[in-house]
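Data first, discussion second: the structure below is written as structure tokens.
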Amino acid sequence: MVSRVIPVAAFDLVLFGATGDLAARKILPSLFHRFKIGQMPPEGRIIGAARSAMDTAAFRALAKSSLNSAVPKAAKSDIAAFLKLLDYVRIDAMGDAGWKTLAKKLRKDAVRVFYLSVGPTLFSPIASGLKTAGLITPESRIVVEKPFGHDLASATALNRDLGACFKESQIYRIDHYLGKETVQNLMALRFANALFEPLWNSQHIDHVQITVAESLGVAGRGEYYERAGALRDMVQNHLMQLLCLTAMEPPSRFEPNAVRDEKLKVIRALDPVPPERIVRGQYRKGNGGDSFADEVGNPDSRSESFVAMKVQVSNWRWAGTPFYLRTGKKLRHRLSEIAIVFRDPPHSIFPAMENRRGNALIIRLQPDEGITLRMTIKDPGPGGMRLTEVPLDMTFAEALGADIVMPDAYERLIMDVVRGDQTLFMRGDEVEAAWEWIDPLTAAWAESSEKPAPYDAGGSGPEDALMLLHRDGRRWREIGQ
Ligand code: BG6
């Protein structure tokens with residue numbers, strides 16, 4: 001299947017933090033892919049901006065080595081053509097140096113994308129630096145990476161600072177989960193098919209499980225993770241977004257504010273989570289690896305590398321249908337999925353089935369993006385009317401053709417920024433509402449003397465997380481079944 005590529009307008013993208021890890025691993029490779037398939041026009045320019053003293057040739061050499069490791073199979077000639085679009089300016093984000101040079105490099109009428117792939121303390125100074133230097137045109141946009149604040153107060157302050165320089169319609173807060181193909185597919189599945197929507201409510205859905213499990217630990221990012229923990233790092237943004245897209249009402253149009261209004265209503269409908277409905281975990285030493293505490297360099301660490309929680313969306317559609325969320329590091333497999341578990345038939349005419357799990361629709365975000373519908377059928381052969389459960393399985397790669405390429409989330413998101421489409425970006429009020437819901441949880445933990453429950457690397461999290469569902473007569477799906 002050939003994907004349809006609609007070129008975007010020529011743009012100048014100023015990449016702050018151009019010598020950093022995210023630029024090397026994600027942003028430059030994504031721009032390269034879009035350039036190679038012809039979506040990014042050859043007049044497009046990428047201006048690296050960072051503190052390091054280097055010239056354009058040195059920046060191109062750095063970008064070349066990043067691309068060689070991120071896209072090892074790329075043709076040398078394609079990389080060489082792409083590198084010609086790169087330029088570099090040395091900027092002191094907290095001072096005056098470099099802004100005038102940057103001004104000279106920008107074209108008057110092109111779309112300007114200011115991409116802030118820098119630490120959060122630099123977001124406000126760079127926004128105000130751009131304003132002071134007179135670089136913000138009506139066709140300018142600012143892109144901000146996570147973390148967007150640490151709590152409600154810091155997120156509100158950041159919104160205020162960005163809002164003093166840019167209009168909300170120019171601010172693009174990235175949550176890369178929204179750029180994942182299958183996450184967008186969740187909207188297609190729900191709103192482009194009439195099949196599921198009549199069943200998409202508490203009358204027919206028993207509960208929902210949202211799992212984002214990772215097999216890697218936090219080595220290399222210990223300092224950040226010790227401050228953030230899984231609740232801030234994963235739940236406040238990625239899992240909340242998945243919850244919103246699963247639970248929201250159909251927007252009237254597929255337009256940025258129509259979609260974001262509906263997501264915001266979900267966040268505002270979330271009940272506070274009492275302590276007994278949330279479990280924190282921390283991986284211990286074992287399985288050939290260090291403990292979380294070792295990796296973050298704090299033997300007394302009380303930060304969590306795992307969270308499981310039972311969440312209630314208090315509205316007419318969802319009252320009585322809990323959403324169970326869980327995420328963690330160093331679990332058995334890397335797996336992200338949303339499982340919609342349906343209620344049992346109101347009356348069974350067949351003999352009871354052992355270990356019945358019931359109908360479920362499983363949306364796999366990664367790996368092996370696809371959808372599975374778990375059905376109950378007759379177990380073939382003699383022996384009476386015995387029932388069994390089978391998966392009706394669709395892996396997108398098989399259904400759409402083996403050569404289908406799932407673009408990286410960043411490719412889609414960066415092109416949306418250039419096009420000026422905010423649908424897959426978080427609005428300021430949405431981020432604030434998410435923090436407002438998270439803050440009491442972090443505050444309660446800060447006051448409590450309890451430490452996160454230890455769990456084994458390579459497992460499925462602490463025992464208490466299993467109990468969270470057992471108490472309700474339910475069970476988690478296996479991580480990696
Ligand atoms: C990031 C988190 O936002 O998402 C990381 O900071 C996490 O801790 C990552 O590992 C997961 O993203 P993905 O796309 O690999 O599921």
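The values are calculated or read from the model by the stated rules, or taken from the named source; none is laboratory data. Source: prediction; values computed, not measured. Please note: Cβ atoms are built from the backbone with ideal geometry, for glycine as well, and neighbour counts cover all protein chains shown. The accessibility values were calculated without ligands, DNA or RNA, using every heavy atom of the protein model including side chains. Shrake-Rupley method; radii C 1.70, N 1.55, O 1.52, S 1.80 Å.
Points to keep in mind about this one:
- Of all accessible heavy-atom area on the chain, the percent that carbon and sulfur account for (1.4 Å): 54
- Summarising the amide proton neighbourhood of PHE11: residues at separation of 5 or more, or on other chains, whose placed amide H is nearer than 5 Å comprise GLY44, ARG45.
- The Rg/Rh ratio for the chain is 0.98, where Rg is the radius of gyration of the alpha carbons and Rh is the Kirkwood radius.
- Check: region 132-195 dipole with +1 on Lys, Arg Cβ and -1 on Asp, Glu Cβ, in debye: 120
- Taking 19 Å as the limit for the C-alpha separation, the pairs LYS104/LYS131; LYS167/LYS265; LYS146/LYS180; LYS131/LYS167; LYS64/LYS104; LYS180/LYS330 exceed it in the case of LYS167/LYS265; LYS64/LYS104; LYS180/LYS330.
- Cα convex hull volume per residue for region 198-311 (Å³): 148
- Exposure of TYR88 as accessible area (Å², to 10), given a probe of 1.4 Å and all protein chains: 10
- Mean Cβ count within 10 Å, highest first, over the residues of peptides 299-310, 66-77: 299-310, 66-77
- Nearest-10 value in Å² for the accessible area of LYS265, using the 1.4 Å probe: 120
- The magnitude of the dipole of region 1-92, with charges of +1 and -1 set on the Cβ of Lys/Arg and Asp/Glu and taken from the Cα centre, is near 340 debye.
- Overall, the chain carries a charge dipole of about 1000 debye about its Cα centre when +1 sits on the Cβ of Lys and Arg and -1 on the Cβ of Asp and Glu, all other atoms neutral.
- Solvent exposure of the chain, expressed per residue, is 45 Å² of accessible area, with all protein chains present and a 1.4 angstrom probe.
- Cα shape, region 246-303, gyration tensor, a/c 1.5 rule: prolate
- Shape of region 392-442, Cα gyration tensor, a/c cut at 1.5: oblate
- Formal net charge of residues neighbouring GLN282 (Cβ-Cβ distance under 13 Å; K, R +1; D, E -1): -2
- Rolled with a 1.4 Å probe across the full set of protein chains, the surface gives ARG332 an accessible area near 100 Å².
- Per-peptide average of other Cβ atoms within 10 Å, ordering 37-43, 361-367 highest first: 361-367, 37-43
- In angstrom, the C-alpha Rg and Dmax of region 120-227 are 19.4, 57.
- When THR101, THR388, THR321 are compared by accessible surface with a 1.4 Å probe, the order from highest to lowest is THR101, THR388, THR321.
- Of PHE196, PHE166, PHE191, the order by accessible heavy-atom surface (1.4 Å probe, DNA, RNA and ligands excluded), from most exposed downward, is PHE191, PHE196, PHE166.
- In loop segments of region 438-481 as defined by DSSP, the GluC sites (Glu not before Pro) with at most 11 further C-beta atoms inside 10 Å of their C-beta are GLU450, GLU478.
- Between PRO322, MET309, ALA18, the Cα set farthest toward the positive side of the dipole of the chain (charges on each charged residue's Cβ, about the Cα centre) is that of ALA18.
- The residues neighbouring PHE35, those whose beta-carbon lies less than 12 Å from its own, together hold a net charge of +1 under the Lys/Arg +1, Asp/Glu -1 convention.
- Ranking GLU181, GLU276, GLU337, GLU262 from most to least accessible surface, computed with a 1.4 Å probe over the protein chains only, gives GLU276, GLU181, GLU262, GLU337.
- Net +/- balance of residues flanking GLY473 in space, Cβ distance below 14 Å, scoring K and R +1, D and E -1: +4
- Residues of type aspartates and glutamates that LYS105 reaches as a straight line, Cα spacing below 13 Å, ignoring anything fewer than 8 places off in the same chain: ASP12, ASP87
- Distance between region 110-178 and region 251-291 - C-alpha centres, whole angstrom: 23
- On Cα atoms only, tilt of 409-419 relative to the major axis of the chain in degrees: 50
- For region 343-480: rounded, prolate or oblate by the Cα gyration tensor [a/c cutoff 1.5]: oblate
- The chain - percent relative contact order, Cα under 8 Å, separation 6 or more: 17
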